[in-house]
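Working notes for the structure below.
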Amino acid sequence: MKKIAIFASGSGSNAENIINYFSENKEINFSFIICNKSEAFVHERAKRLNVPSYTFKKSEFENGEVLTLLKKEGVDLIVLAGFLLKVPENILKAYPHRIINIHPALLPKYGGKGMYGIHVHEAVVTEGEKESGITIHYVNENYDEGQIIFQAKCEVFPDDSPETVAEKVHALEYKHFPEEIGKIIEKI
Ligand code: GAR
């Protein structure tokens, strides 16, 4: 049995999609969802999915409290799904090549601090990009700079808005993120 913890900060539609994808898989268990915002919608989804969800402050990620919980539960893989804090060094050190993130653009473009969610799609549209997509990557100490595992592209047309690009990118996320998680966890 492999154990996954999901870190999220907002709506949690990816978290829900991932958990549903593996719902019949007896080899994979979702230990909990960890969130840095008590009011985030991901907690509602967690309740519906019967997965525990906890809120931790930034300081509690940094002072080792979150790591203690991860270790106590025997978590094997950490999946960031719309998680907006930087992962602190104590967790990075304890989980080398065991933390993955999804970014809603084709890194190295449109990454870094402040580049999340709709802000990414706004920048893509403003720059007149002809394509965007998703990047799944390992997490290191810098935002969106870890080794790339997988990318998928979608077209961006002149009449696309940030919202329509977001829809296309979400569709790619829902299709590919669970599949890539499945491949990674198999090798652990
Ligand atoms: C997703 O599109 C994810 O790629 C993005 O936030 C969204 C979360 O949606 N992540 C980032 O921008 C990280 N820099 P969700 O909460 O509905 O899964």
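The values are calculated or read from the model by the stated rules, or taken from the named source; none is laboratory data. As the structure is a computational prediction, the values presented were derived from the model and not from experiment. Neighbour counts are summed over all protein chains in view; Cβ atoms, including those assigned to glycine, are modelled from backbone coordinates with ideal geometry.
Numbers at a glance
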quantity: Search result, residues across segment 67-83 that are in contact with a strand residue (DSSP E or B) (Cβ under 8 Å, 6 or more places away or on another chain) and either surrounded by fewer than 14 Cβ atoms within 10 Å (Cβ to Cβ) or more than 15 Å from Lys3 (Cβ to Cβ) (or both); calculated: Gly74, Leu80, Ala81, Gly82, Phe83
quantity: Failed condition for Tyr54, given (1) in contact with a helix residue (DSSP H, G or I) (Cβ under 8 Å, 6 or more places away or on another chain); (2) of a type outside the set (Gly, Ala, Ser); (3) crowded, with 20+ Cβ neighbours inside 10 Å; (4) assigned to a strand (DSSP E or B); calculated: (3)
quantity: Some residue of segment 94-112 being part of a helix (DSSP H, G or I) and modelled with pLDDT of 95 or more; calculated: yes
quantity: Tally, over segment 143-172, of residues that are farther than 22 Å from Ala15 by Cβ and buried (at least 18 other Cβ atoms within 10 Å of the Cβ); calculated: 2
quantity: Residues of segment 125-162 satisfying the condition of being at negative phi, touching a Leu at 6+ places or on another chain (Cβ under 9 Å), not in a loop (DSSP other than H, G, I, E, B) and not hydroxyl-bearing (Ser, Thr, Tyr); calculated: Glu131, Ile134, His137, Ile148, Gln151, Ala152, Lys153, Cys154
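To keep it simple, each residue is scored yes or no on (1) more than 14 Å from the ligand (Cβ to nearest atom); (2) under 24 Å from Ile185 (Cα atoms); (3) acidic (Asp, Glu).
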position: Gly10; (1), (2), (3): no, no, no
position: Ser13; (1), (2), (3): no, yes, no
position: Phe30; (1), (2), (3): yes, yes, no
position: Asn50; (1), (2), (3): yes, yes, no
